[in-house]
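A.B. asks: Provided herewith is a single structure, encoded as structure tokens, for subsequent inquiry.
Nothing in this text is a laboratory measurement; each read-out follows from the coordinates by a stated rule. Small disclaimer: the values here were computed from a predicted structure and weren't measured. Quick reminder, even Gly has a Cβ in these numbers, built from the backbone with ideal geometry, and neighbours come from all protein chains shown.
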Amino acid sequence: MTLLTFRFAPSPNGDLHLGHAYSALLNQRLAKAMGGRLLLRIEDIDTVRCTPEFEAGIFRDLEWLGFDWEKPVRRQSRHFGEYQAVLDRLIRDELVYPAFMSRGEIRAFIADSEKRGRDWPHDPDGVPLYPAADKALPARERSRRIAEGAAFAWRLDVEAALARAAKGLSWTEFTDETLSATRPVEARPQDWGDVIVARRDIPTSYHLAVVTDDALQGISHVVRGQDLYAATGVQRLLQDILGLGAPSYHHHRLIPGPDGRKLSKSLGDSGLAALREAGVSPEGIRKLVGL
């Protein structure tokens, strides 16, 4: 019998807040209730914003909360070679392409298109989709630019990937916090356009690293915030074209800040360290997040 496996995967680019506490404790509760494993993953591919100090803070906060996890911890920054191997597969299969446009060039391209009457599409987060101009570049021109040191990122050719993927791409979504009911959800990766899957200096992105790690660690249940619900479609597409198994998902409610908006790591008053220093107990944190 395959053991169910859950994971909590924070990024050490700021202090943990109440929303992180809720996600961590919910994963712990579900893993315990279902007799499963609970892993901690440090998602630190952003080597500029992620720091050892923030990582140490994550461990302090989680230990204080009573969050127990299996050792060792997987740190993404130590596995770039694994991500490079997955990226190389996508390059060989011609499912990604080098994208050279800077942010300024993207804005100018879109502005010019809108002047000519085109209503430019946006992704679910409201960001304009990447123009398709780079996909039309001849292979020789791509190679020349890369050889000359031009800045670029590897973007997924979503149209080509969908042509390779299974028809009716979807995922299984648990609809309540006891994981007792499910429904199928249609995956719509095309809503995000040609997303970045790697950069020139870092051979991965959030999407590519997450699907690789979930497969390698045998994650059966991904329990994370509602803010990542739409992005799951991109990850399901990557899982499908890479031949990786798909976990079941539950996108839980978000813990709002005092102004009703989603919590941010920049909001110090909701940080776990600040709350601990103010005298709030771990039990008090559980009450604050409704657990």
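A.B. asks: Note down the net charge around W154, summing +1 for each Lys or Arg and -1 for each Asp or Glu among other residues with Cβ under 15 Å from its Cβ. Present the calculation step by step, with values, prior to reporting the outcome.
C.D. replies: Details: positive: R89, R92, K135, R142, R145, R155, R199, R200; negative: D88, D93, E94, D134, D157, D194, D201.
So the surrounding residues net to +1.
A.B. asks: Could you please report the charge total around G243, scoring K, R as +1 and D, E as -1 over all other residues with beta-carbon less than 12 angstrom from its beta-carbon? All intermediate terms of the calculation are to be shown ahead of the outcome.
C.D. replies: Working: positive: R89, R164; negative: D93, D240.
Residues near G243 contribute 0 overall.
A.B. asks: Per residue of region 77-90, in order, report the coupling 6.51 cos²θ - 1.76 cosθ + 1.60 (Karplus, θ = phi - 60°) as ³J(HN,Hα) in whole Hz, putting x for Gly and Pro.
C.D. replies: Calculated HN-Hα couplings, in order: 5, 9, 10, 4, x, 5, 5, 4, 5, 5, 4, 4, 4, 5 Hz.
A.B. asks: Next up: Quick check: net charge around G66, other residues with Cβ under 10 Å of its Cβ, Lys/Arg +1 and Asp/Glu -1? Could you put the intermediate results ahead of the total?
C.D. replies: Numbers: positive: R286; negative: E63, D68, E283.
Neighbour charge sum, excluding G66 itself: -2.
A.B. asks: Pick out, from F152, V185, W171, the residue whose Cα sits farthest towards the positive end of the charge dipole of region 109-208, with +1 on the Cβ of Lys and Arg and -1 on the Cβ of Asp and Glu.
C.D. replies: F152
A.B. asks: Next question, about the same structure. Could you name the lysines whose alpha carbon sits less than 29 Å from that of K71, not counting residues in the same chain fewer than 8 places away?
C.D. replies: Answer for K71, where 29 Å is the Cα cut-off: K32, K265, K287, listed by chain and number.
A.B. asks: Debye sum, Cα scatterers, the chain, no solvent: what log₁₀ I/I(0) at q = 0.09, 0.15, 0.16 1/Å?
C.D. replies: The Debye formula, applied to the Cα set alone, gives -0.49, -1.26, -1.39.
A.B. asks: Any idea what angle helix 52-65 forms with the longest principal axis of the chain, computed on alpha-carbon atoms, 0 to 90 degrees, nearest 10?
C.D. replies: Relative to the chain, helix 52-65 is tipped by roughly 40 degrees.
A.B. asks: Also: Give the shape of region 111-206 as rounded, prolate or oblate, defined through the alpha-carbon gyration tensor: a ≥ b ≥ c are the square roots of its eigenvalues, a/c under 1.5 means rounded, and otherwise the shape is prolate if a/b is larger than b/c and oblate if not.
C.D. replies: prolate
A.B. asks: For an R0 of 22 angstrom, estimate the FRET efficiency from the Cβ-Cβ distance between A56 and K287 and round to the nearest 0.05. Write out the running numbers ahead of the final one.
C.D. replies: Values: r = 27 Å, r/R0 = 1.21.
E(calc), rounded to 0.05, equals 0.25.
A.B. asks: Compute the angle between helix 18-33 and the longest alpha-carbon principal axis of the chain, please, reported from 0 to 90 degrees and rounded to the nearest 10.
C.D. replies: Approximately 70 degrees, to the nearest 10.
A.B. asks: Right, here's the next one. E186 to D201: extension gain in nm, 0.36 nm per residue of separation minus the Cα-Cα distance?
C.D. replies: Values: separation 15, 0.36 × 15 = 5.40 nm, distance 3.35 nm.
Between E186 and D201, full extension yields an extra 2.1 nm.
A.B. asks: Let me ask something additional. Calculate the dipole size of the chain relative to its Cα centre from +1 charges on Lys and Arg beta carbons and -1 charges on Asp and Glu beta carbons; express the result in debye to the nearest 20.
C.D. replies: For the chain, the charge dipole is close to 280 debye.
A.B. asks: Can you work out the Karplus-derived ³J(HN,Hα) for every residue in region 283-291? Use 6.51 cos²θ - 1.76 cosθ + 1.60 with θ = phi - 60°, whole Hz, and x for glycine or proline.
C.D. replies: 5, x, 4, 4, 5, 4, 9, x, 10
A.B. asks: Each label point is 7 Å from the Cα along the Cα-to-Cβ direction; what then is the distance between the points at A163 and K115, in nm?
C.D. replies: Result: 3.3 nm between the two label points.
A.B. asks: Further question: At R0 = 25 Å, how high is the FRET efficiency between S170 and L3 if r is their beta carbon distance? Nearest 0.05 is fine. Write down the numbers at each step before the final one.
C.D. replies: On the way: r = 25 Å, r/R0 = 1.00.
With R0 = 25 Å, the Cβ-Cβ based efficiency is 0.50.
A.B. asks: Sticking with this structure for a sec: How high is the FRET efficiency from E148 to R75, r the C-beta distance, R0 41 Å, rounded to 0.05?
C.D. replies: Numbers: r = 34 Å, r/R0 = 0.82.
Step by step, r from the Cβ atoms, then E = 0.75.
A.B. asks: Let me ask another. When the Karplus curve 6.51 cos²θ - 1.76 cosθ + 1.60 is applied with θ = phi - 60°, which whole-Hz ³J(HN,Hα) does each residue of region 222-236 get, with x for Gly and Pro?
C.D. replies: The phi angles translate into 9, 10, 8, x, 4, 5, 9, 4, 5, 5, 4, x, 5, 5, 5 Hz.
A.B. asks: Using amide H atoms built 1.01 Å from N in the peptide plane, name the residues 5+ places from V96, or on other chains, whose amide H lies under 5 Å from its own.
C.D. replies: D157
A.B. asks: Let me ask another. To test your reading of the geometry: what angle, between 0 and 90 degrees and rounded to tens, separates the Cα axis of helix 103-115 from the longest principal axis of the chain?
C.D. replies: 70 degrees
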